[in-house]
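So the structure is just underneath, and the comments pick up after that.
The values are calculated or read from the model by the stated rules, or taken from the named source; none is laboratory data. Only a predicted model underlies this, so the values are computations on that prediction, with no experimental measurement involved. Methodologically, a virtual Cβ is constructed for each residue, glycine included, from the backbone with ideal geometry; neighbour enumeration extends over all protein chains shown. Surface accessibility is based on the protein's heavy atoms, side chains included, excluding ligands, DNA and RNA. Shrake-Rupley method; radii C 1.70, N 1.55, O 1.52, S 1.80 Å.
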Amino acid sequence: MSRAEDVHPRTALIHFGCRLNQFESDGIKANLEDNAHTLTQNLREADFVVVNTCTVTNKADYKNRAAIRRAHRLNPLAKIVVTGCYATTDAEELRSLPGVYRVVSNDQKHRIAEVIAGGEADSSNNRFFFSSRHDFKSRATLKIQDGCNKSCSYCKIPQARGRGVSRDTQNTLDTARELIDAGFGELVLTGVNIGWFNDNGTGFHALVEQILNLPGDFQLRISSIEPGDVDERFAAFFEHPKMAKFLHIPLQSGSKFVLRTMRRGYTPDNFMRRIEKVRVLCPDVHIGTDVIVGFPSEGDAEFAETLAFCREADFANIHIFPFSKRRNTPIVDWLLRRQGSAPATRREYKEIHGAVIRERAAELSRLKKSMADAYIARMSGKTFAAIAERIETDTVHFLTENYLRGVMPLSEMPSLRRGQRFFIEWSAQRLAPEKSLRERITL
């Protein structure tokens, strides 16, 4: 009997993508262990390699394919199972890669162990199956929503995740209680568009209020939320002692014209008013954002507007994404139709040269660093809740509620355990080394 046919096959998991995908990767690990798989990080000894893919950009697709090819090169006998968003949108392309045994769409990834055993796809689609076991983490992620009904002109995610669905409220609260009782000091709410949570009339705001009012020593973090969902009721959450001082709200562009061609549904002025609602109630809040650089309607003037807006918004962090042409998205279809035709308006729509995109991304990156450094300095001397993410022989690596990663001697709190919530006075001297920051998974 080969090892792959043994009752305890060795299985490696490779993960790409967002916190939602990370949560599902944790669920896949639990599912595999519950079905007698031995998890390994050594690709050379694995009988199976599960690759949980992302497809947010062309670069993400390239990384997925490179990981599959590398796994096959290191271990030609391993059976590679590919799942996730890229597996949902481009299954045939992935099936053609060497070593790929099965391609499993997002709506079947809860059955990875069964698929590996030879099971066929069925009609079940339990997007919220994932185990509440978080043995792999110091902070617990709670998936409350999946899918998206928006039609942003550049985005492929609705094709990968389908239309929006929400988790059962009672099941969500029960799972939150389990995680709190298990000792997790932080819960992170995640989904594709979590502000759209609605379970038989219970909306997102009502759910958050119920979670915040659960007993226990924990804090609640919202992974990311759309601008339209940041209203007065949402801003009021930041007055609650269990609400982490953290807001990630994707901007994408500071140009009204570009936002319109992106089909984002808000203006820069509207965005600014919404984050100011939060800042008034929580001046120390860490506000991060996403920005796409080099969108086809972004000329020099529009990019200058984005720089100016980011500077005024004073973001603590910016995730910078060079524009990526995604097949079967409205903006790419539109560009193909307009090839060779004259501009219909005074503004020009055209693909931006890669060198220009790189220059703009570098300029925005410099601004990002200066604003991040200024935010870190402003927080000095203030006390925040934090989570012990990793405890080494004599050092604690922690994450504050306002998303500052730091280190401190274990001797300051010798009884501290991994995942525990505690309070600490921040100083720039506590900042984690850059190498440590790169090793961590971000929201």
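Here Asn171 passes the criteria (1) outside any loop (DSSP other than H, G, I, E, B); (2) surrounded by 22 or more Cβ atoms within 10 Å (Cβ to Cβ) except the one numbered (2). Each residue in region 235-272 was checked for being in contact (Cβ under 8 Å) with a residue 40 or more places away in the chain and either within 18 Å of the chain's Cα centre (by Cα) or surrounded by 19 or more Cβ atoms within 10 Å (Cβ to Cβ) (or both), and 20 pass. Given the condition open to solvent by 20 Å² or more (accessible area, probe 1.4 Å) and not in a loop (DSSP other than H, G, I, E, B), answer yes or no: does some residue in region 15-22 qualify? Looking through region 15-22, at least one residue is open to solvent by 20 Å² or more (accessible area, probe 1.4 Å) and not in a loop (DSSP other than H, G, I, E, B).
Restricting attention to region 66-115, the residues being under 30 Å from Phe323 (Cβ atoms) and under 20 Å from the mean Cα position of the chain (by Cα) number 13. Residue-level analysis places Arg73 outside the set of residues that are of a type outside the set (Asp, Glu), assigned to a helix (DSSP H, G or I) and touching a Leu at 6+ places or on another chain (Cβ under 7 Å).
Would you please name the residue that is surrounded by the most Cβ atoms within 10 Å (Cβ to Cβ), looking only at residues in region 416-443 that are touching a helix residue (DSSP H, G or I) at 6+ places or on another chain (Cβ under 8 Å), under 18 Å from His286 (Cα atoms) and modelled with pLDDT of 85 or more? In this case the residue turns out to be Ile424.
Just one of the listed residues (Ile112, Ile80, Ile144) is of a type in the set (Val, Ile, Thr) and at pLDDT below 90, and it is Ile112.
Taking the criterion of being polar (S, T, N, Q) and outside any helix (DSSP H, G or I), the residues of region 223-265 that qualify are Ser223, Ser224, Gln252, Ser253, Ser255.
Within region 92-120, the set of residues being more than 22 Å from Gly27 (Cα to Cα) and open to solvent by less than 50 Å² (accessible area, probe 1.4 Å) comprises Leu94, Leu97, Gly99. Filter region 378-397 down to the residues that are open to solvent by less than 10 Å² (accessible area, probe 1.4 Å) and out of contact with any Phe, Trp or Tyr (no Cβ under 8 Å at 6 or more places or on another chain) and list them by number. If the condition is that a residue be open to solvent by less than 10 Å² (accessible area, probe 1.4 Å) and out of contact with any Phe, Trp or Tyr (no Cβ under 8 Å at 6 or more places or on another chain), then Val396 is the only one that fits. Residue count for region 364-388, restricted to those that are part of a helix (DSSP H, G or I) and within 24 Å of the chain's Cα centre (by Cα): 12. Look at (1) open to solvent by 30 Å² or more (accessible area, probe 1.4 Å); (2) polar (S, T, N, Q); (3) under 19 Å from Pro250 (Cα atoms) and you find that Thr306 fails only one, number (1).
From the list Ile211, Ile225, the one residue that fits, being aliphatic (A, V, I, L, M) and within 19 Å of the chain's Cα centre (by Cα), is Ile225.
Mind checking which residues of region 76-124 are outside any helix (DSSP H, G or I) and among the basic types (Lys, Arg)?
Answer for region 76-124, where residues must be outside any helix (DSSP H, G or I) and among the basic types (Lys, Arg): Lys79, Arg102.
Against the definition (under 26 Å from Ala355 (Cβ atoms), at pLDDT 95 or above, in contact with a Phe, Trp or Tyr (Cβ under 6 Å, 6 or more places away or on another chain) and not hydroxyl-bearing (Ser, Thr, Tyr)), how does Ile287 come out, yes or no?
It is false that Ile287 is under 26 Å from Ala355 (Cβ atoms), at pLDDT 95 or above, in contact with a Phe, Trp or Tyr (Cβ under 6 Å, 6 or more places away or on another chain) and not hydroxyl-bearing (Ser, Thr, Tyr).
Each row is one residue, and each column tells you yes or no for (1) closer than 29 Å to Cys155 by Cβ; (2) open to solvent by 20 Å² or more (accessible area, probe 1.4 Å); (3) among the small types (Gly, Ala, Ser).
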{"position": "Glu24", "(1), (2), (3)": "yes, no, no"}
{"position": "Gly27", "(1), (2), (3)": "yes, no, yes"}
{"position": "Glu33", "(1), (2), (3)": "no, yes, no"}
{"position": "Ala36", "(1), (2), (3)": "no, yes, yes"}
{"position": "Gln41", "(1), (2), (3)": "no, yes, no"}
{"position": "Asn52", "(1), (2), (3)": "yes, no, no"}
{"position": "Asn58", "(1), (2), (3)": "yes, yes, no"}
{"position": "Ala66", "(1), (2), (3)": "yes, yes, yes"}
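Can you find even one residue in region 271-278 that is under 21 Å from Cys155 (Cβ atoms) and at pLDDT 95 or above? Yes, some residue in region 271-278 is under 21 Å from Cys155 (Cβ atoms) and at pLDDT 95 or above.
Would you check which residues across region 174-220 are assigned to a helix (DSSP H, G or I) and open to solvent by 10 Å² or more (accessible area, probe 1.4 Å) and list them?
Residues of region 174-220 assigned to a helix (DSSP H, G or I): 174-181, 194-196, 204-212.
If the condition is that a residue be assigned to a helix (DSSP H, G or I) and open to solvent by 10 Å² or more (accessible area, probe 1.4 Å), then Asp174, Thr175, Arg177, Glu178, Ile180, Asp181, Gly195, Trp196, His205, Ala206, Glu209, Gln210 are the ones that fit.
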